[in-house]
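> Okay, here's the structure, questions in a sec.
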Amino acid sequence: MNDYVLTCCSTADLSRERFADRNIQVVYFHFMIGNEDYLDDCGESVPPAELFKRMGEGEITKTSQVTIGEYISYS
């Protein structure tokens with residue numbers, strides 16, 4: 001058993017496979033496109049090509065960290 005847990009946030013921009021291969025626990029941040037909230041889930045909900053296309057079309061985008069409740073649930 002390890003004496004530590006390796007973690008990072010989704011802003012590391014690695015694939016789910018890369019995280020899993022290295023047993024890295026991930027906290028997924030959020031982003032918004034227009035009025036829709038998405039989890040930064042390694043491009044599964046919104047593939048990068050779609051994100052950049054929508055940004056290029058002028059949709060407003062925002063990012064945010066996890067909420068306190070999400071972090072407490074995570075840890």
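The values are calculated or read from the model by the stated rules, or taken from the named source; none is laboratory data. Since the model is a prediction, treat every value here as computed from it, not as a measurement. Using ideal geometry, Cβ is built from the backbone for each residue, glycine included, and neighbour counts are taken over all protein chains shown. With ligands, DNA and RNA removed, areas are computed over all heavy atoms of the protein, side chains included. Shrake-Rupley method; radii C 1.70, N 1.55, O 1.52, S 1.80 Å.
> Rounded to the nearest 5, what % of DSSP beta bridges with both residues in the chain are antiparallel? List each step's numbers first, then the result.
Numbers: 8 of 11 bridges.
The antiparallel proportion sits near 75 percent.
> Using a 1.4 angstrom probe on heavy atoms only, work out the carbon and sulfur share of the accessible area of the chain in %.
Details: 3050 of 5710 Å².
Roughly 53 percent, rounded to a whole number.
> Normalising by the residue count of the chain, find the relative contact order in percent from Cα pairs under 8 Å and 6+ residues apart.
Details: 79 pairs, mean separation 21.7, N = 75.
Relative contact order for the chain comes out at 29 percent.
> Within the chain, which chymotrypsin sites (Phe, Trp or Tyr not before Pro) sit in a loop by DSSP and count at most 14 neighbouring Cβ atoms inside 10 Å?
Numbers: sites: TYR4, PHE19, TYR28, PHE29, PHE31, TYR38, PHE52, TYR71, TYR74; in loops: TYR4, TYR28, PHE29.
In loop regions of the chain (DSSP not H, G, I, E or B), the sparsely surrounded chymotrypsin sites (Phe, Trp or Tyr not before Pro) are TYR4.
> Give me the Å³ per residue figure for the convex hull around the C-alpha atoms of the chain.
Numbers: hull volume 6.9 nm³, N = 75.
Spread over its residues, the Cα hull of the chain gives 93 Å³ apiece.
> Another question, then. Please list, ordered by chain and number, the residues whose modelled amide H lies under 5 Å from the amide H of ASP40; skip anything fewer than 5 residues away on the same chain.
Residues meeting the criterion, in which the H sits 1.01 Å from N, are PHE29, HIS30, PHE31.
> May I ask you to list the trypsin sites (Lys or Arg not before Pro) in the chain that are in a DSSP loop and have at most 12 other Cβ atoms within 10 Å of their Cβ? Write out the running numbers ahead of the final one.
On the way: sites: ARG16, ARG18, ARG22, LYS53, ARG54, LYS62; in loops: ARG22.
Qualifying residues, ordered by number: ARG22.
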